[in-house]
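Contents: one structure, followed by commentary.
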Amino acid sequence: MSTAFLKTEKLIEAAQDPEYRFLLIEPILSYGIAVGLILFLAGFFSKVGKLQIAGLLTTALSALCFMPYMAARREALPRIEQIYRLNLSGRGKIFSDNTILWASSTWLYSGLAIVVIATAVVGSRRNQLGYALSAGAVLLGLTAIQNSLWMHYQDATAFHPNLKSHRAPIEEVSKSPGRSSSRLPEFHPPGESSYSTPESEPVHRRKIVRPIH
């Protein structure tokens, strides 16, 4: 029990750090919206109103998480730029550029939240406006999921360079001339030696010298 309490206390303390907080929120912008859309579509086709409302609320709350996400990301930006400026890796600039790209998507998550709330108010199956709002919510939701996953990948390639080529550095070494790892040693059956005498070098028999009595 004490271990669980210490872990919980440590996690609460870590959540106060903006650099960890934006990492904690980021999956909600993709998986949270995806879960909300799944619930909504399941309720829509099964004509279960409560399930539709649950899906719409989940989608709207997930989209609104974009605001605290960007606030934490901007707060963490100066420290991240300073840290990566020391090792001259350029990752600080990549993170800064990605933050600008994230900010340019504010309209997408705000628009999704507005359309989803409007769908809940009007009713998804009540009239033509409800059907149009439902379709708009699904399309915007799918676009937001795609954008979230794409931006997550851009951040990942900055901190994990191997993702850019999808190839480990050791594979490049193994493919270099004279270092082929695919070549196997020749097989020699048991009892046979792998050493062969050159044909140009004659083999002389040993002469037996008998003693003279």
Notebook entry, point to check: Do any trypsin sites (Lys or Arg not before Pro) in the range 1-56 lie in a DSSP loop with no more than 11 other beta carbon atoms within 10 Å, and if so, which?
Noted result: Lys47
Check: Taking 0.36 nm per intervening residue step and subtracting the Cα-Cα distance, what contour gain separates Arg79 from Ala132 on full extension?
Finding: 14.6 nm
Item checked: From phi via Karplus (6.51, -1.76, 1.60), per-residue ³J(HN,Hα) for the range 35-40 in Hz, x at Gly/Pro -> 5, x, 5, 5, 4, 5
Next item on the list: Work out, step by step, the length gained on full extension between Ile38 and Leu57: first 0.36 nm times the residue separation, then minus their alpha carbon distance; give nm to one decimal.
Entry: 5.6 nm
Next item on the list: Filter the chymotrypsin sites (Phe, Trp or Tyr not before Pro) in the range 127-157 down to the DSSP loop ones having no more than 13 other Cβ atoms within 10 Å, then list what survives.
Entry: none
Margin query: Explain nothing, just compute: Karplus ³J(HN,Hα) = 6.51 cos²θ - 1.76 cosθ + 1.60, θ = phi - 60°, for every residue of the range 68-77 in order, whole Hz, x for Gly and Pro.
Written below: x, 5, 5, 4, 5, 5, 5, 5, 7, 4
Check: Just the projected area, averaged over all directions, of the convex hull on the alpha carbon atoms of the range 2-168: how many nm²?
Finding: 12.8 nm²
Next item on the list: For Ser2 and Asp97, calculate 0.36 nm times their separation in residues minus their Cα-Cα distance, and state this gained length in nm to one decimal.
Entry: 29.9 nm
Margin query: Per residue of the range 140-155, what does 6.51 cos²θ - 1.76 cosθ + 1.60 with θ = phi - 60° give for ³J(HN,Hα)? Whole Hz please, x for Gly and Pro, Karplus curve as stated.
Written below: 5, x, 5, 5, 5, 4, 4, 5, 4, 5, 5, 5, 5, 5, 5, 5
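We did not get these values from a lab; they are worked out from the coordinates using the rules stated. Since this is a predicted model, take the numbers as computed values, not measurements. Glycine also receives a Cβ, built like all others from the backbone with ideal geometry; neighbour counts cover every protein chain displayed.
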